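Enquirer: First, the structure itself, so that you have it in front of you.
Coordinate-derived values only; no laboratory data. Quick caveat, the model's predicted, so the values are computed rather than measured. In this analysis, Cβ positions are derived from the backbone assuming ideal geometry, glycine residues included, and neighbour counts consider all displayed protein chains.
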Amino acid sequence: MSICRNLIAGEWVEGVDVNADVNPSDLADVVGEYARADAKLAAQAIAAARTAFPAWSRGNIQARADMLEAIGNEIMARKEELGDLLSREEGKTLPEGIGEVARAGQIFKFFAGEVLRPEGEKLPSIRPDIDVEITREPVGVIAVITPWNFPIAIPAWKIAPALAYGNCVVFKPADLVPGCAWALADIIARAGVPEGVFNLVMGRGSVVGEAILDAPDIDAISFTGSVETGKTIATRAVARLARVQMEMGGKNPLVVLDDADLDTAINCAIQGAYYSTGQRCTASSRLIATDGIHDRFVAAMEEALKTLKVDDARKEGTQIGPVVDQSQLDQDLSYINIGVKEGARLVCGGERLNRDTEGFYLAPALLTETNNDMRVNREEIFGPVATIIRVKDYDEALVVANDTRFGLSSGICTTSLKHASHFKRNSEAGMTMVNLPTAGVDYHVPFGGRKGSNYGPREQGRYAREFYTIVKTSYTLPV
Ligand code: NAD
């Protein structure tokens, strides 16, 4: 097996160590071997990006748009193959993997269009004869640091706008999923992006990530990951006045009111809480049901959970793939225990499952009779584990939904326009869904959270330019 290398200044460069990428559905299957970089290689990548920046930022925008379009087209054309790679290395099901890859392709194509839609304003001054122009310019060298759970879509929604608006990129993917990162880098390199404009440095956060944080040539950091890592990165970036954009964890509530359509509510809860093995920042991990529907909702959830097929991510018919690795599995099992010790009732799931191959299979777990003060309702679990909280009425449901340090996504299942409208206005989340799962969003509109889930401007859609461009105001007196 040949070792896939880092991309620095247009060259594929050896690392200092090799990372064997293991399939969580089959621990005997090594997806590939990837070269880990170190601080010295990270520094070379940053220097290459800095050198490439002047020419790239002032380069021809048609050529830039064509490159992004070509990247998007190749990703789309290879979505089955890359989706298979994604499912194999991360463990989401094959349809989910293919869907995520297609999303990455669409994002590159969207931002190819954005290259050709630069915007500015020309205004009269308050002083006579003077013109004022407001334009946007690229920021410089952007570090892109990403988590393992969306190994191609999240890199795409950071790298595509960064390049589109004329920035250079140093990309540090999560150590657990180098396969998709490398495949994306290979596509970008072959699309004709000049050397140094885009660099890939694979490796551990504690080594490569750390080396990026304090580098003076990194002008901005776009990070998605856990709150703990986010805090470290934000503190260090702000200390040297670098721009930061952080999307972090969630503890997303899905409120189910008495008047909800039960099938819709079950569909939203099962999809939102358990699909992608619950390993989504937008997962509906707290299900908040009002008194009048609570018992019917719990019974229907139990029924639905029993029918879910947990198996190899790439097997036909699998609905829930494995947990990503041993440490995430240990965390899920430990939280289930904590919940039970705190007084919750484990009505189904929560046990490790054996399948044809050895993998990290966990039966989707449902904890009922929980209250919002329990650790299982306050801390992000990040696995196929959901809780149910019983509340008296809508007013209490809203208070409980908002009673969290997170604020990424929220949802409500109801047929009442009054409650849906009130919830949309008063939910303390960056994204709110009515009769839809809390996970599952569009790529042409802003994505992001509030409170402890977010720091900095929104990602995706046209809003991405707030982070990847910087505004200039110019005054002219024509003489
Ligand atoms: P993580 O915070 O452990 O790692 C994220 C990235 O940061 C990885 O590339 C890692 O190597 C790097 N990193 C770690 N320590 C670093 C350091 N000291 N300096 C620089 N880089 C460092 O997160 P994870 O386990 O990969 O992902 C799961 C988390 O991501 C969950 O909390 C989830 O909610 C969150 N997430 C959030 C969103 C969102 O948009 N809000 C989306 C997906 C995942």
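Enquirer: At 7 Å along the Cα-to-beta-carbon direction for both K451 and R204, put a label point, then send me their distance in nm to one decimal.
Expert: Inter-label distance under the simple model: 3.4 nm.
Enquirer: Among all the lysines, which ones have a C-alpha under 23 Å from K306's C-alpha, if same-chain residues fewer than 8 places away are not counted?
Expert: Candidates past the 8-residue exclusion: K92, K315.
Enquirer: Taking the Cα centre of the stretch 38-127 as the origin and placing charges on Cβ (Lys, Arg +1; Asp, Glu -1), which of A48, A112, P95 is farthest toward the positive end of the dipole?
Expert: In the stretch 38-127, that residue is A48.
Enquirer: Also, quick follow-up: What fraction of the Cα pairs in the stretch 252-434, stated in percent, has a spacing above 25 angstrom?
Expert: Roughly 29 percent, rounded to a whole number.
Enquirer: Where in the stretch 25-60 is the amide nitrogen less than 17 Å from a point lying 7 Å along the Cα-to-Cβ axis of E358?
Expert: Only 25-31 pass the distance filter.
Enquirer: Determine, for each peptide in 66-73, 270-277, 364-371, the mean count of other beta carbons within 10 angstrom over its residues, then list the peptides with the highest first.
Expert: The peptides rank, most packed first, as 270-277, 364-371, 66-73.
Enquirer: Using the Cα centre as the reference, give the magnitude of the dipole from point charges on the C-beta atoms of the stretch 252-434 (Lys, Arg: +1; Asp, Glu: -1; all else neutral), rounded to the nearest 20 debye.
Expert: Result for the stretch 252-434 is approximately 260 debye, rounded to the nearest 20.
Enquirer: Sequence-distant or interchain residues sharing an amide H contact under 5 Å with I389, placed H: which?
Expert: L287, I288, A289
Enquirer: Once Lys and Arg get +1 and Asp and Glu get -1 on their Cβ, which of A156, P178, V445 lies farthest toward the positive end of the dipole of the chain?
Expert: V445
Enquirer: What's the FRET efficiency of S327 with M76 using the Cβ-Cβ distance as r and R₀ = 41 Å, to the nearest 0.05?
Expert: Result of the calculation: an efficiency of 0.75.
Enquirer: Quick check on the chain: helices-only [θ] at 222 nm, where DSSP H runs of length 4 and up contribute -39,500 (n - 2.57) each and the sum goes over total residues. Nearest 500, please.
Expert: -12000 deg cm²/dmol
Enquirer: Something else about it: What are the ³J(HN,Hα) values, in whole Hz, obtained from phi via the Karplus relation 6.51 cos²θ - 1.76 cosθ + 1.60 with θ = phi - 60°, for each residue of the stretch 306-319 in sequence order, with x given for Gly and Pro?
Expert: 4, 8, 5, 9, 9, 6, 3, 4, 9, 7, 4, x, 5, 9
Enquirer: To the nearest 0.05, how large is the calculated FRET efficiency for D186 and I130 if R₀ is 56 Å and r is the Cβ-Cβ distance?
Expert: Details: r = 50 Å, r/R0 = 0.90.
Efficiency at R0 = 56 Å is approximately 0.65.
Enquirer: Now for a different question. I need the phi-derived Karplus couplings for the stretch 380-397: 6.51 cos²θ - 1.76 cosθ + 1.60, θ = phi - 60°, integer Hz, Gly and Pro marked x.
Expert: 6, 8, 6, x, x, 9, 10, 10, 10, 10, 8, 10, 6, 8, 4, 4, 5, 4
Enquirer: Next question, about the same structure. Which trypsin sites (Lys or Arg not before Pro) does the stretch 230-273 hold that lie in a coil by DSSP with at most 13 other beta carbons within 10 Å?
Expert: Loop-located and lightly packed - R240.
Enquirer: For G10, enumerate residues with amide H under 5 Å from its amide H, sequence gap 5+ or separate chain, H modeled in the peptide plane.
Expert: Here G196 satisfy the definition.
Enquirer: If you take the Cα atoms of the stretch 241-327, find Rg, then find the Kirkwood Rh from the mean of 1/r over all pairs, what is Rg/Rh?
Expert: Here the Rg-to-Rh quotient is 1.08.
Enquirer: A further question follows. Near V144, within a Cβ-to-Cβ distance under 9 Å, what is the net charge of the other residues, with Lys and Arg +1 and Asp and Glu -1? Please report the intermediate quantities before stating the final value.
Expert: Details: positive: K158, K172; negative: none.
Spelling it out: positives minus negatives among the neighbours equals +2.
Enquirer: Please give the charge dipole size of the chain, origin at the Cα centre, charges +1 on K and R Cβ atoms and -1 on D and E Cβ atoms. Round to the nearest 20 debye.
Expert: 1240 debye
Enquirer: Across the stretch 27-43, in residue order, what do the Karplus-derived ³J(HN,Hα) couplings come to in whole Hz, using 6.51 cos²θ - 1.76 cosθ + 1.60 with θ = phi - 60° and x for Gly and Pro?
Expert: 5, 7, 9, 9, 5, x, 10, 10, 7, 8, 8, 10, 4, 5, 5, 4, 4
Enquirer: Next question. Show the residues, 5+ positions off or on another chain, whose built amide H is closer than 5 Å to the amide H of V22.
Expert: V31
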